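Each remark here refers to the structure printed beneath this line.
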Amino acid sequence: MSVFSRPDVIEAFLQKVRVIHQRGVDRAALTEIVGLLEGLAERRDLFNFETFPAPVPGQGSTAFRYRLNDDGDTPTLYLNSLLPGKSTIPHNHETWAIISAIEGQEINYVYQRDDEGREPGYTTLHLEKEVIVQPGTSISFLGEDLHGIRVAGEQPTLHFHLYGLPLESLNGRYGVEADGRILNYNASQMAPSIKAYAH
């Protein structure tokens, strides 16, 4: 058992991420950060359903998002637990983003946007690929990359979500409805985070 506390481990991880973030994040930098986040995901002694419970089926919420640090406008780490059946509309992140799994599977649908011939406020999306995020298989995005997710199977997820900036500050994120209509994602889709850091 490690002598370091959960906040210590999170802070040591984030210090390494900040160094990369300050250099500027491209696809190669994302790969570097993925390696760090997958290492953190192996710490099941610190990050597990006992400490970060999943939503209870039938009790309202189908998703919990635990915010694990608050350092202003810097890389921000969350721990998400989603119930089977939970899905999102396609959306961007406005900053770089990485998802790494501790428990459970999440299907990620990655899209390309095509605005040719569409009226303003609408777009057409083309599915580029599907990635099943599970322990050992992460996914990463730059700010304008688009994805939607769905949780299949019987098990809730427990996944790290790491963003270049806090989700709560990203008011330019957008989502795309099934008919192609573009909407503000945070304003219409995002529930508040659960603060799980020491003040």
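The values are calculated or read from the model by the stated rules, or taken from the named source; none is laboratory data. For clarity, every value in this text was computed on a predicted model and none was experimentally measured. We place every Cβ from the backbone using ideal geometry, glycine too, and count neighbours over all the protein chains shown. Protein only, heavy atoms only, side chains kept; ligands, DNA and RNA dropped before computing areas. Shrake-Rupley method; radii C 1.70, N 1.55, O 1.52, S 1.80 Å.
Worth pointing out:
- Residue within the stretch 39-50 that is acidic (Asp, Glu), within 20 Å of GLU154 (Cβ to Cβ) and open to solvent by less than 60 Å² (accessible area, probe 1.4 Å) present: no
- Which numbered condition LEU146 fails, given (1) at pLDDT 95 or above; (2) at positive phi: (2)
- Qualifying residue in the stretch 12-33 (condition: closer than 19 Å to ILE139 by Cα, touching a residue at least 12 places away in the same chain (Cβ under 8 Å) and in a loop (DSSP other than H, G, I, E, B)): yes
- Only strands (runs of 3 or more DSSP E) whose full extent lies in the stretch 148-188 are considered here, and the ones with at least 1 residues that are small (Gly, Ala, Ser) and open to solvent by less than 10 Å² (accessible area, probe 1.4 Å) are 174-176.
- Note on the stretch 107-166: residues that are among the hydrophobic types (A, V, I, L, M, F, W, C) and more than 18 Å from the chain's Cα centre (by Cα) total 2.
- Residue within the stretch 120-127 that is in contact (Cβ under 8 Å) with a residue 60 or more places away in the chain and either acidic (Asp, Glu) or open to solvent by 50 Å² or more (accessible area, probe 1.4 Å) (or both) present: yes
- Test for LYS86: is it open to solvent by 50 Å² or more (accessible area, probe 1.4 Å) and under 16 Å from the mean Cα position of the chain (by Cα): yes
- Cβ separations smaller than 8 Å between residues 6+ apart or across chains give the following pairs from the stretch 52-79 residues that are of a type in the set (D, E, K, R) to residues that are open to solvent by less than 40 Å² (accessible area, probe 1.4 Å) and assigned to a strand (DSSP E or B): ARG65/TYR78; ARG65/LEU79; ARG65/ASN80; ARG65/HIS161; ARG67/THR76; ARG67/LEU77; ARG67/TYR78; ASP70/THR76.
- Tally of residues being in contact with a Gly (Cβ under 8 Å, 6 or more places away or on another chain) and among the hydroxyl-bearing types (Ser, Thr, Tyr) across the stretch 174-189: 2
- Pairs where the first residue, in the stretch 182-198, is of a type in the set (D, E, K, R) and the second is part of a loop (DSSP other than H, G, I, E, B) and surrounded by 13 or more Cβ atoms within 10 Å (Cβ to Cβ), C-beta under 8 Å, 6+ apart: LYS195/ASP70
- Sole exception among (1) more than 17 Å from PRO166 (Cβ to Cβ); (2) within 17 Å of the chain's Cα centre (by Cα) for LEU46, by number: (2)
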